[in-house]
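Worksheet for the structure shown next.
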Amino acid sequence: MATIIIPTPLRKFTDNKAKIITSGKSVGESITQLGELHPDLSKHLFKQCGTLQSFLKIYVGDRDIKSLKNEETPVKDEDVISIIPAIAGGKI
Amino acid sequence: MKATVEEYLDLSVVDITKKEQVELRYNEAIEAELVQVARNGYPYEIAGFLLGKKSEDADLVSEVYPVENVAKEQERKFEIHGLDYLKVEAYALENKLDVIGIYHSHPDYPAIPSKHDLEFAQSVFAYAIVSVDGNGDTLINSWKKSNKKFIQQSILIRS
Ligand SMILES: [Zn+2]
């Protein structure tokens, strides 16, 4: 079980909910469950092949899951999973 | 800089035939803060978040939340670290604020969005761009992504 924080740009797919609790034991299970709860969100989270969209990052607490065990990173009840969109730009 | 602003306008990025209906509103103190961070950062781009309350007709900014620019070429790019993004969302939730948008500066470049800005833009956010030059002259324009292009959002400054 863990709490997932939905970033502002994706809340239109979660009825404006910012926090969603899932029962998954890993990041992958939690995010998959989130996609099942909110099917419209699913295609914004995953590519057709099922991997996470490249402009999104997932953190558990303050750690990028890439520095942990990626989608297999285990989560406990008190863990907070954050979905983070890439924020960038510039003048050229 | 080129001679006229028109020369910078890329019509594949900006749709000048439309205007955003929701107005961006902030007070003079917020405006002064945006100007100051852009001047302090010159000649590099700076970036941060605009927090406040969204309503049907207005994005009302009550707070500026500066973050570090972690892009490699900061004279022409900005990038916000995932951890800073996570912190701002958490801060907004704690304080019952909306993340209204993102501001960034364009040193020696007009307050017009670029292709690169469009690539990463989220339609839910307002994008305030602060143009700043070596004399400290500034101009702020705000934009929203709608149908794959930016459209301008009018700004109302209250005293
Ligand atoms: Zn830009």
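Computed from the coordinates by the stated procedures, all read-outs in this text should not be read as laboratory data. Keep in mind that this is a model prediction, so the values were computed, not measured. All Cβ positions, even for glycine, are placed from backbone atoms using ideal geometry, and neighbour counts span all protein chains on display.
Which whole number gives the average count of other chain Cβ atoms within 10 Å of the Cβ atoms across peptide B:78-84?
Partner-chain Cβ atoms within 10 Å, mean over residues of B:78-84: 6.
Entry note, chain B: the mean residue ellipticity at 222 nm calculated from DSSP H runs of n ≥ 4, each adding -39500 (n - 2.57), is -6500 deg cm²/dmol after division by the residues and rounding to the nearest 500.
Over 18 Å between Cα atoms: which of A:Lys91/B:Lys72; A:Lys91/B:Lys144; A:Lys91/B:Lys53 fall into that group?
A:Lys91/B:Lys53
Which residues does a label at A:Lys69 reach in the range A:1-21, if reach means a backbone N under 20 Å from a point 7 Å past the Cα toward the Cβ? Under cut-off, by backbone N: A:1-4. A straight Cα-to-Cα reach below 12 Å connects A:Lys12 with the aspartates and glutamates A:Asp40, residues fewer than 8 places away in its own chain not being considered.
Shielding value for B:110-118 is 3, the average number of Cβ atoms from other chains within 10 Å of each residue's Cβ.
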